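The values are calculated or read from the model by the stated rules, or taken from the named source; none is laboratory data. Quick caveat, the model's predicted, so the values are computed rather than measured. Positions of Cβ are backbone-derived with ideal geometry, glycine not excepted, and every protein chain shown enters the neighbour counts. To get the accessible areas, we keep the full protein, side chains included, count just its heavy atoms, and leave off ligands, DNA and RNA. Shrake-Rupley method; radii C 1.70, N 1.55, O 1.52, S 1.80 Å.
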Amino acid sequence: MLQQANDVEILRFLYADARAAGGDWAQSLPLLAGMTRARAVALRIEARGVVHRLGDAAPLPAQARLETLRHSRVYAQDEFDAQEGMLRVIRVDPQPGLRGWLCLWHPFTDFRAVDSVLLGRIAPYLEQAIEIWLDSGAARARQAQADALARRLGAGWLWLDTTGRVVEASDTARALLAGSGALRLAPGGRLEAGNPVTGRAFRRALERAAAGDAGPHGVTLSEHPPTRMAILPGLSVPAPGLEPCLCAVLRQMPGIAGRDAGALARGLGLSRSEARLTALICDGFSLTEAAERLGWTIETARSTSKKTFAQTGTRGQPDLVRAVLNGAVVAALDPGP
């Protein structure tokens, strides 16, 4: 068990570092160095065969030797061949496929007995911290992937209280609000309408949703590009500790023509010219308008569109638009800024 005030301090920072977005353990390792007078403190974590090196660089034992150490036993420099400087090492095995080594190093001053005791006492907490670090990193990676997909699809979400104040919002929703100009996210989380028509539509939709009327209740924020909000009916608690609120969804399909034409061509099995024409058709341009934008004759646009229909197995422009916008290729392409 932890017994000293300093022990509790290192425990607090271990858990804080494990949850921190940077994942570099920048608080607990320097604190441990100060407590033990170590010149360097290094943490090596092996997760599913990948070794992560955190903390200070130091002349530590080779990874192959570290793997032979016993769980939760503190090792000193005389137990390693030709080890430079003074050393204390402890290994922990939080779960199968996950291992960690905490190493203290000093070029010439040996460590005290209390330093080894400290390593032994924090070992079970280090195990928990490493598990938290691994789970937190995976959760952040999943969230980043979900955020990227939402941005590509032009979809975001808002949590609103019954007065229309934004309790929380996704990054995509904030970007869509900033781009539409119809509803502005003001300081304090209030949504302020850029014009009376949008303001009235938003308040009406909000009141109906708060009253539990069957919905969702839509609000048009922009026609060019088309940007819509839908507020779901009824209050709910989205997470423990939060007040009941309304959920709203924002949607704006990012333009296809602004994406990487080469990537679109490869994803759909088209030539680059066919992909460029397809992107403009999906963005609502007629063949004549697309030809003008591409600098083509209308005959070239018609000939290219026929090749595109044959290559994609579609039966005309509406069918092509459905196939592209309902497919996964567009969702895999970065829409850019």
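Values for this structure:
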{"quantity": "Residues satisfying the stated conditions in the range 174-188, i.e. over 12 Å from V249 (Cα atoms) and surrounded by fewer than 16 Cβ atoms within 10 Å (Cβ to Cβ)", "calculated": "A178, G179, G181, R184, A186, P187, G188"}
{"quantity": "Residue that is most open to solvent (accessible area, probe 1.4 Å) [pool: residues in the range 151-173 that are touching a strand residue (DSSP E or B) at 6+ places or on another chain (Cβ under 7 Å) and within 30 Å of Y15 (Cβ to Cβ)]", "calculated": "W157"}
{"quantity": "Where a residue in the range 48-72 is closer than 18 Å to A26 by Cα and its partner, wherever it lies, is open to solvent by 50 Å² or more (accessible area, probe 1.4 Å) and among the charged types (D, E, K, R), with Cβ under 7 Å and at least six apart", "calculated": "L54/D24"}
{"quantity": "Residue list for the range 12-25, filter: in contact with a helix residue (DSSP H, G or I) (Cβ under 7 Å, 6 or more places away or on another chain) and either free of Cβ contacts under 8 Å to residues at least 12 places away in the same chain or more than 16 Å from L126 (Cβ to Cβ) (or both)", "calculated": "A21"}
{"quantity": "Enumeration of residues in the range 62-78 that are open to solvent by less than 60 Å² (accessible area, probe 1.4 Å) and either under 18 Å from A123 (Cβ atoms) or under 34 Å from the mean Cα position of the chain (by Cα) (or both)", "calculated": "Q63, L66, L69, S72, V74, Y75, A76"}
{"quantity": "Subset tally (residues that are within 15 Å of L183 (Cα to Cα), touching a Pro at 6+ places or on another chain (Cβ under 8 Å) and surrounded by fewer than 16 Cβ atoms within 10 Å (Cβ to Cβ)) for the range 226-256", "calculated": "0"}
{"quantity": "Counted residues, the range 318-328 - those being out of contact with any Cys (no Cβ under 9 Å at 6 or more places or on another chain) and buried (at least 16 other Cβ atoms within 10 Å of the Cβ)", "calculated": "1"}
